[in-house]
Amino acid sequence: MWGKWIDCRVRPGARGVFADGQRRWSAISDQPGLIGQTGGWAPDSDRALLLALWADEPAYRRFLRHRHDPVADAAAQQGSWTAIEVAAGPVVLTLPGAAASLPDALARATVLRAADCRLRPGRTGHFLDVQRRVWSPGMAQADGMLAGTVTRLAADRYLVTTLWTSPEAHRAYTTRLLPNLLARADVPADVRELTGHLVPLEPAWLVRGEPGPR
């Protein structure tokens, strides 16, 4: 599987233009290999954050070659943002939850939690081991956690994303389960910088991939 993280800094007063354009990305719903795309506004900012998931890198590269530019032109968002960062890479771990599949999780989620982790030198193996042994089973116990992914965006950068049924479900997790998981994970030993986002998802920005083998 292949993940893509998009971070757009939208011009003041241009949120409507950007959002209108984002709805036009529904045109890629028939693109072979698309699992889905979702996103929303970072709270109290003009920052739009989007997560896209693809079956594999070749499917994503075919989309870039054949569909991306015409759809981007039709969306007409270029003048609505001042900066954009796009990072992509392999999904190295999927996190189980209440959803039957990632497409189901994307369709049901109302909140996206993203942890953008920059690792200390030599800590990649331990970081991934902790994701498997501590975070994956720990978060799976949380009511309302639908599914998640861990994507390698660079040699020392990993994006951990989880999809939730509601803000209340995520809040309950942070109160009841997170403190114990943090103590067991010893995050500072592996992570030199962590940027977290809790993003209310915009339903109109959801792009569902066509059903098929994943």
* **Residue match in segment 187-194 (condition: out of contact with any strand residue (DSSP E or B) (no Cβ under 6 Å at 6 or more places or on another chain) and hydrophobic (A, V, I, L, M, F, W, C))** => yes
* Structure fact -> Per the filter on segment 167-214, residues part of a strand (DSSP E or B), exposed (fewer than 14 other Cβ atoms within 10 Å of the Cβ) and of a type outside the set (Val, Ile, Thr) are ARG192, GLU193, GLY196, PRO200
* Give segment 26-54 a look and list any residue that's in contact with a helix residue (DSSP H, G or I) (Cβ under 6 Å, 6 or more places away or on another chain), at positive phi and open to solvent by 10 Å² or more (accessible area, probe 1.4 Å), or say none. => GLY33
* Being at pLDDT 95 or above and either out of contact with any strand residue (DSSP E or B) (no Cβ under 7 Å at 6 or more places or on another chain) or hydroxyl-bearing (Ser, Thr, Tyr) (or both) narrows it down to one of LEU159, LEU201, LEU163, LEU177, so name that one. => LEU177
* Somewhere in segment 165-185, is a residue of a type outside the set (Lys, Arg), under 20 Å from PRO90 (Cα atoms) and touching a residue at least 24 places away in the same chain (Cβ under 8 Å)? -> no
* **Residue ID - farthest from ARG132 (Cα to Cα), chosen from residues in segment 172-198 that are among the acidic types (Asp, Glu) and touching a Lys or Arg at 6+ places or on another chain (Cβ under 6 Å)** => GLU193
* Structure fact -> Counting only residues in segment 8-25 that are in contact with a Lys or Arg (Cβ under 8 Å, 6 or more places away or on another chain) and more than 22 Å from GLY209 (Cβ to Cβ), the one surrounded by the fewest Cβ atoms within 10 Å (Cβ to Cβ) is identified as ARG9
* Asked: Is it the case that GLY3 is in contact with a strand residue (DSSP E or B) (Cβ under 6 Å, 6 or more places away or on another chain), open to solvent by 20 Å² or more (accessible area, probe 1.4 Å) and either in a helix (DSSP H, G or I) or touching a residue at least 60 places away in the same chain (Cβ under 8 Å) (or both)?
  -> no
* Looking at (1) closer than 30 Å to GLY21 by Cα; (2) at pLDDT below 95, which is the one condition that is false for ASP186? -> (1)
* Structure fact -> Subset of segment 59-76, residues part of a helix (DSSP H, G or I), open to solvent by less than 70 Å² (accessible area, probe 1.4 Å) and not charged (D, E, K, R), comes to ALA59, TYR60, PHE63, LEU64, HIS68, VAL71, ALA72, ALA74, ALA75
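The values are calculated or read from the model by the stated rules, or taken from the named source; none is laboratory data. None of the values given here were measured: they were computed from a predicted structure. Glycine gets a Cβ as well: all are built from the backbone with ideal geometry, and neighbour counts include every protein chain shown. Protein only, heavy atoms only, side chains kept; ligands, DNA and RNA dropped before computing areas. Shrake-Rupley method; radii C 1.70, N 1.55, O 1.52, S 1.80 Å.
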